[in-house]
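Enquirer: Below is a structure I'd like to ask you about.
Readers should treat all values here as calculations from the given coordinates under stated rules, not as data from a laboratory. Just so we're clear, the structure is a prediction, and the values are computed from it rather than from any experiment. All Cβ positions, even for glycine, are placed from backbone atoms using ideal geometry, and neighbour counts span all protein chains on display.
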Amino acid sequence: MIIVTRKGVTPDELDHIRERIEAEGLRTHVSQGEHRTIVGCIGDEERLQTVPLLSIPGVEAVHRVLKPYKLASRDFAAESTTISLGNTVLGGQEVVTIAGPCSVEGRDMLKVTAEAVHAHGARGLRGGAFKPRSSPYSFQGLGEEGLQILAEVREQTGLPVVTEVMDTRQVELVASYADMLQIGARNMQNFSLLTEVGRVQRPVLLKRGMSATVEDLLLAAEYVMSQGNPNVVLCERGIRTFGTATRNTFDLAAIPVLKRETHLPVVADPSHAGGSRSLVTPLSLAAVAAGADGLLVEVHPDPETATSDGEQSLDFPEFNELMASLRPFVEAAGRTMA
Ligand code: PEP
Ligand code: MN
């Protein structure tokens, strides 16, 4: 249930509305926008049946929210959510590109990659220290050493860092180094992990699971938000289908569907979606045209020698070309880029 308040509702009226709802055993969530304020009610709505909500001073309208996700729903928010990352914001006017190697392989390679992507307009550095690999025999990441390298390179370049957390036992450690915590596709429905990252005050980059519906993704975001962390960025990274021409099937339509359903920022990962270097640019352009707030792109100094995802990683000149091709699309979409 959401309660839309009258324009100019006073703080006392707002408190009173919340008290009435909470007295029935429901939780309230206030979203204050420039033009309207919304009180979201979470819990057993049947208990509000007997409360004459429209007669409470300050209440203008009452709507039922039939969707299973509440905090993540666009209905629950007065305006779109923006999330700070370094000195930029996700979910605003700017289309934000976050780039870097699939895995942090060492100090030098991360530093040169960060400098190159920074110079070409990336606003965040992404690199995995803990890697979820399909095979236990593949490179698993440098672990804490990788996190230290990420933090050092942030110091040197000023780029905020995004890295994956795979396990509830690592949340505190990863959060002590990273500016944004990535939840990978394979963990999108790891509910204990979602709960744990919901308890830390670090923005979360939530990647869509390979077999997850849009609703599953929004419910996963709801897990994080229901623990008190409202800063969730959703990422479309392709899903598994019967198609074999690409690594995954990029669900382009999920982007405008998500933008309609939720107030959270939505980014796209063209690297994992297509699985091939040659598809990164066309999928990026399509994502921007479909309304994505940002891109997550794998970049490596020498993709041929990458320990993971080399076939889908761009080298520096290719990243530069991507950013140059992106600009007219970003402008046509009425957005800006660095
Ligand atoms: C990654 O970002 O390198 C990664 C492993 O992504 P995903 O979880 O989407 O497969
Ligand atoms: Mn990867």
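Enquirer: Once the dipole of the chain is set up with Lys and Arg at +1 and Asp and Glu at -1 on Cβ about the Cα centre, which of G275, L147, V4 lies farthest towards its positive end?
Expert: The one lying farthest along the dipole's positive direction is V4.
Enquirer: Now a separate question. Hey, can you grab everything whose amide H is under 5 Å from the amide H of A290? Only 5+ residues off in sequence or another chain; H modelled, so Pro and N-termini drop out.
Expert: none
Enquirer: Now, a different point. Output needed: percent of Cα pairs per 10 Å distance bin for the range 2-64, bins running from 0 to the one holding the longest distance.
Expert: In order of increasing distance, the bins hold 23, 63, 14, 0 percent.
Enquirer: Where Lys and Arg each count +1 and Asp and Glu each count -1, what net charge lies around I2 among other residues with Cβ under 10 Å from its Cβ? Could you put the intermediate results ahead of the total?
Expert: Details: positive: R64, K70; negative: D75.
Net local charge, I2 excluded: +1.
Enquirer: What does the charge count around V112 come to, taking other residues whose C-beta lies under 12 Å from its C-beta (Lys +1, Arg +1, Asp -1, Glu -1)? All intermediate terms of the calculation are to be shown ahead of the outcome.
Expert: On the way: positive: R107, K111; negative: E105, D108, E115, D302, D315.
Every neighbour counted, the sum reads -3.
Enquirer: So who's got an amide H within less than 5 Å of the one on V233, skipping anything under 5 residues away but keeping other chains? H placed 1.01 Å off N, in plane.
Expert: Here V204, L205, L206 satisfy the definition.
Enquirer: Determine ³J(HN,Hα), in whole Hz, for all residues of the range 133-150 in sequence, where each value follows from phi through the Karplus function 6.51 cos²θ - 1.76 cosθ + 1.60 and θ = phi - 60°; x replaces Gly and Pro.
Expert: 9, 4, 9, x, 8, 7, 3, 9, x, 7, x, 4, 4, x, 5, 5, 5, 4
Enquirer: Got a sec to turn the phi values of the range 189-199 into Karplus ³J(HN,Hα) couplings, 6.51 cos²θ - 1.76 cosθ + 1.60 with θ = phi - 60°, whole Hz, x for Gly and Pro?
Expert: Once θ is set to phi - 60°, the couplings for the range 189-199 become 10, 7, 5, 5, 5, 4, 5, 5, 6, x, 8 Hz.
Enquirer: Based on the Kirkwood radius over alpha-carbon pairs, what is the Stokes-Einstein translational diffusion coefficient of the range 83-332 at 10 °C with 1.306 mPa s viscosity, in µm²/s? List each step's numbers first, then the result.
Expert: Numbers: Rh = 17.6 Å.
Reported coefficient: 90 µm²/s.
Enquirer: Given charges of +1 on the Cβ of Lys and Arg and -1 on the Cβ of Asp and Glu, with all other atoms neutral, how large is the dipole of the range 158-301 about its Cα centre, in debye to the nearest 20? Mind showing how you got there, number by number?
Expert: Numbers: 12 positive and 14 negative charges, 50 e Å.
With Lys and Arg at +1 and Asp and Glu at -1, about 240 debye.
Enquirer: Mind checking the dipole of the range 2-64: about its Cα centre, +1 per Lys or Arg Cβ, -1 per Asp or Glu Cβ, Debye to the nearest 20?
Expert: Working: 8 positive and 11 negative charges, 39 e Å.
Its charge dipole is roughly 180 debye.
Enquirer: What is the angle, in °, between the Cα long axis of helix 277-289 and the longest principal axis of the Cα atoms in the chain? Nearest 10 is fine, range 0 to 90.
Expert: The helix 277-289 is inclined about 30 degrees to the chain.
Enquirer: How large is the dipole of the chain about the Cα centre if only Lys and Arg carry +1 and Asp and Glu carry -1, each at its Cβ, rounded to the nearest 20 debye? Mind showing how you got there, number by number?
Expert: Values: 32 positive and 43 negative charges, 116 e Å.
So the dipole magnitude of the chain works out to roughly 560 debye.
Enquirer: Measure off 7 Å from each Cα along the Cα-to-Cβ vector at E79 and E321, then give the distance between these two points in nanometres to one decimal.
Expert: 4.0
Enquirer: In addition: Given points 7 Å out from each Cα along the Cα-Cβ axis, report the Q32 to E152 separation in nanometres with one decimal.
Expert: Label-label distance for Q32 and E152, simple model: 4.4 nm.
Enquirer: Would you mind putting 95-107, 168-180 in packing order, based on average other-beta-carbon counts within 10 Å, highest first? The partial results should precede the final answer.
Expert: Details: 95-107: 25.2, 168-180: 17.6.
Taking the mean over residues of other Cβ atoms within 10 Å, the ranking is 95-107, 168-180.
Enquirer: Okay, moving on. On C-alpha positions alone, give me the angle between the axis of helix 316-332 and the longest principal axis of the chain, in degrees, nearest 10.
Expert: Helix 316-332 sits at roughly 30 degrees to that axis.
Enquirer: Over the chain, calculate the relative contact order: mean separation of alpha carbon pairs under 8 Å at least 6 apart, over the residue count, as a percent. Walk me through the numbers on the way to the answer.
Expert: Values: 738 pairs, mean separation 54.1, N = 338.
After rounding, I find 16 percent.
Enquirer: How much FRET efficiency would the formula 1/(1 + (r/R0)^6) give for S134 and Q49, where r is the Cβ-Cβ distance and R0 is 30 Å, rounded to 0.05?
Expert: On the way: r = 50 Å, r/R0 = 1.68.
Computed FRET efficiency for S134 and Q49 comes out at 0.05.
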